[in-house]
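Structure record follows, encoded as structure tokens.
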Amino acid sequence: MANKVVIVESPSKSKTIKQYLGKDYLVTASVGHIRDLATTGKGGLGIDIDNDFTPNYQIQPDKKKIVNELNKLISTAQEIYLATDPDREGEAISWHLYDTLKIGNKKVRRVEFNEITKDAILRAFENPRDIDMDLVSSQETRRMLDRIIGFKLSKLLNSKIKSKSAGRVQSAALKLIVDLEKEISSFVPEEYYEIYAKFGEIEAQLAKINNEKADIKTSDEANKILKGLKEYFKVASVEIKESKSYPKPALTTSALYQAASSKYKMSSKHTMAIAQKLYEGMDIDGETVGLITYMRTDSTRLSETFIEDTRHFIKETFGSKYLGYYRKPKNAENAQDAHEAIRPTSLKRTPESLKHKLKTQEYKIYKLIYDKALGSLMSPATNEVTTVIFENNNNQFKASSSKPIFDGYLKLTRDYENESSDKLSDLSIFKENDEIKADEVYEKQLFTNPPSSYTEAKLIKDMEELGIGRPSTYANTLTTLQDRGYVKVENKTKLIPTDQGVLTTEQLDEFFSDFISVHYSKEMEEFLDNIANGEIQQLKVLKEFYNYFMPLVENAQKHMVKVKAKETGEDCPVCGEPMVWRTGKYGEFEACSNYPTCKYIKPQEKEKTPTFDTDVTCPECKEGTLVVRVAKKGKNKGNKFLACSRFPKCKYISPLKIVEDECPKCKSVVVKNELDEVFCLDGSDCNHKQ
């Protein structure tokens, strides 16, 4: 047995680290947390409230085998290294391992690294440290808050309005979505007008009236201006100047989600899964390599070493004129700044060099991270902007045109920028004091638009700016809102609250308005940061929270109206009482309102799942074709697979392999079967095959 044991939380991470350490090291994984708060004791909280909020931790049932195996591995070891993720959650996992395993008198050290590369790993093991108990205390505080809120508030909402859960972060995020949709629903469009003068192909818009910004509300106002215009316009000024646009900082977690959503329509969950793989290690030419730095960060800072290497790389690759200067970024007010921004671990591993070694989606995310990090240190882009002002009876019309002079950072990041698609106009034909007759002068009737519904990217952006949650919580929060039935996704991007989501927010707003407010969520994040920094004690935060929260729960328990179940319009065939809709583990069902006296449940009609015929001949019977079916039970319930259309006469089945690509027709998931036939998984609607 090795005399040095290294414990990480991820098996794939352990595989990468193994190759960098010598034979004296044995690297293994805890597979995440090994224990959590118990569900026993007063209120099932696993927290002794009366004894200074003492937590009661228990090994999770599915981790008992892992704990036994870890104890065997460390039994003969002299040194134990805890190398979990470099954040509060990782610090807590390390502490739980230390507190649970049979360590005895063995030397235990914590190692931390922001990237999984040979140099970073060896450097971390040369500089181990002790477990940071302030970080552990901060994570433990968050976990206990989540448990108290989850058990107390969720139980209340379930008994009163049949909502499944609530929480400090998820409820604040849900309120943002609900409030925005209410604003959209109540929006009343306002009429306004714009006036244009056309000179050949060039349009000039009325910008000012008597040196005041043009603000035309009615048709009468627009007609009055049109009637007052003279036949000829005078060119009052022609201004030509250079305009610079500067690169944005390297990506944070939030910025990564937003860019991946905007460019590739990827969900935050999918984006994080890919980033996790890129961080933990990919097989590149027979070696497992971590391609990016830690992907949960709210900092835009870059290391001095990376900056120096990047400046040299830019100069050698693109030339000195593309070399920008490092502008120390201003992080968000509530940023922890514990890690660098997300960046590649090696500039030599260019996206093009890895294009055929990564799956399509992995390549897209890696290229996005690489280009954004490199581009952040490149020179600004320069445009020549020409602005012409036409005057007519104290009215000023403006026409502008922008011509690229130097692409700068856009050489790498143009594909990710929201550049204007305006047609380049030649304004050099106009000279000051020229008098020109317009070919046409006309008005446009327009109406103000309501704000757009939230998308995942937009919600995460607002959550970050408002201080709701942290990078590690964004994706989980969005998943929870959808899993609880509070939010649904429309048109593949819009987050729309369900009736249950609206009801939940309205009730929380009535009884817990401060609790689900942006201000409270941000304040609590600051308290957690202060605990992590050793500036405030855990017990103080927990006591103040509990003393504030519990009276709200007790008041809601007394005064929140219990919502009656919605009647189906039928009577129970057993007792004659009205039938109602109820929600269970597997969705909605119809049951007697007289429950538990009458336990009648209406049998649900089994809907036949529509199948999609791939037109691929069954390789076993050679007669049927392969169709897409859905597993109805077992551990693979809900998964799609291929089966022969002649079932049960032919029982051939084949798994579907997800191809990391998207259907060129409907942009949905593309799959491959055992015969390497490729087709769109949503083929019943798309019918695309390759």
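The values are calculated or read from the model by the stated rules, or taken from the named source; none is laboratory data. Because the structure is a prediction, the values reported are computed rather than measured. We place every Cβ from the backbone using ideal geometry, glycine too, and count neighbours over all the protein chains shown. SASA here: full protein model, heavy atoms, side chains in, ligands and nucleic acids out. Shrake-Rupley method; radii C 1.70, N 1.55, O 1.52, S 1.80 Å.
Of note:
- A simple spin-label model places the labels of Glu190 and Val630 4.7 nm from each other, with each point 7 Å out along Cα-to-Cβ.
- The ratio of the alpha-carbon radius of gyration of segment 1-50 to the globular-protein estimate 2.2 N^0.38 Å is 1.78.
- Asp613-Glu523 pseudo-label distance in nm [points 7 Å out on the Cα-to-Cβ vector]: 6.5
- Over segment 495-603, accessible surface divided per residue gives 59 Å², non-protein components excluded, 1.4 Å probe.
- Near Val31, the amide H atoms lying under 5 Å from its own belong to Ser10; only residues 5 or more places off or on other chains count, and H is placed 1.01 Å from N.
- Cα gyration tensor category, rounded, prolate or oblate, for segment 341-499 with a/c compared to 1.5: oblate
- Rounded to whole Hz, the Karplus (6.51, -1.76, 1.60) HN-Hα couplings of segment 542-556, x for glycine and proline: 5, 5, 5, 4, 4, 5, 7, 7, 4, x, 5, 5, 5, 5, 5
- Gap separating the Cα centres of segment 378-439 and segment 500-564, nearest whole Å: 51
- Estimated from helices alone, the mean residue ellipticity of the chain at 222 nm is -11000 deg cm²/dmol (sum of -39500 (n - 2.57) over DSSP H runs with n ≥ 4, per residue).
- R0 of 22 Å, Cβ-Cβ distance Ile601-Thr39: FRET efficiency to nearest 0.05: 0.20
- Efficiency of FRET from Cβ geometry, Leu446 and Lys230, R₀ 30 Å, rounded to 0.05: 0.75
- Note that segment 461-535 carries a Kirkwood radius of 13.9 Å, evaluated over its alpha carbons pair by pair.
- Fraction of accessible area attributable to carbon and sulfur, the chain (%, probe 1.4 Å): 47
- Segment 206-363, accessible area per residue, ligands and nucleic acids excluded (1.4 Å, Å²): 54
- Relative packing of 150-160, 59-69, which averages over residues the other C-beta atoms within 10 Å, highest first: 150-160, 59-69
- Two-site label geometry, Asp509 and Asn639: point separation in nm, points 7 Å out along Cα→Cβ: 4.3
- Extreme residue, positive dipole direction of the chain, given options Pro128, Thr455, Pro61 (C-beta unit charges): Pro61
- Here's how it looks for Asp615: its modeled amide H is under 5 Å from those of Leu626, which are all 5 or more places away or on a different chain.
- Close amide H pairs (under 5 Å, H built 1.01 Å from N) link Ala207 with Gln396, Phe397, Lys398, residues at least 5 positions away or on another chain.
- Per residue, in Å², the accessible surface of segment 145-197 once ligands and nucleic acids are set aside, probe 1.4 Å: 39
- Spatially proximal aspartates and glutamates relative to Lys208 (Cα-Cα < 18 Å; intrachain offsets below 8 disregarded): Glu194, Asp220, Glu221, Glu239, Glu391, Glu443
- Cβ crowding within 10 Å averaged over residues, with 569-577, 174-182 ranked highest first: 174-182, 569-577
- Two-site FRET efficiency, Arg582 against Lys65, from Cβ-Cβ distance with R₀ of 41 Å, rounded to 0.05: 0.60
- Couplings 3J(HN,Hα) of segment 34-40, computed from phi: 9, 8, 8, 4, 5, 10, 9 Hz, in residue order, whole Hz [Karplus 6.51 cos²θ - 1.76 cosθ + 1.60, θ = phi - 60°; x for Gly and Pro].
- Computed extension length for Lys182-Glu201: 2.6 nm, one decimal, from 0.36 nm per residue of separation with the Cα-Cα distance subtracted.
- Taking the Cα centre of the chain as origin and assigning +1 to Lys and Arg Cβ atoms and -1 to Asp and Glu Cβ atoms, the resulting dipole is close to 2660 debye.
- Taking Cα centre as origin and charging only the Cβ of basic (Lys, Arg, +1) and acidic (Asp, Glu, -1) residues, the dipole magnitude of segment 499-570 rounds to 320 debye.
- In Hz, Karplus ³J(HN,Hα) per residue of segment 468-483 (6.51, -1.76, 1.60; θ = phi - 60°; x = Gly, Pro): 8, x, 9, x, 6, 10, 4, 5, 5, 5, 5, 5, 4, 4, 6, 5
- Remark on segment 189-234: hydrodynamic radius 11.7 angstrom, per the Kirkwood mean of 1/r across alpha carbon pairs.
- Centre separation in Å (Cα based) which lies between segment 182-228 and segment 86-140: 63
- Within the shell defined by Cβ-Cβ distances under 12 Å, the residues around Thr100 carry a net charge of +2, with Lys and Arg each +1 and Asp and Glu each -1.
- From largest to smallest, the equivalent ellipsoid semi-axes obtained for the chain from the alpha-carbon gyration tensor read 49, 37, 31 Å.
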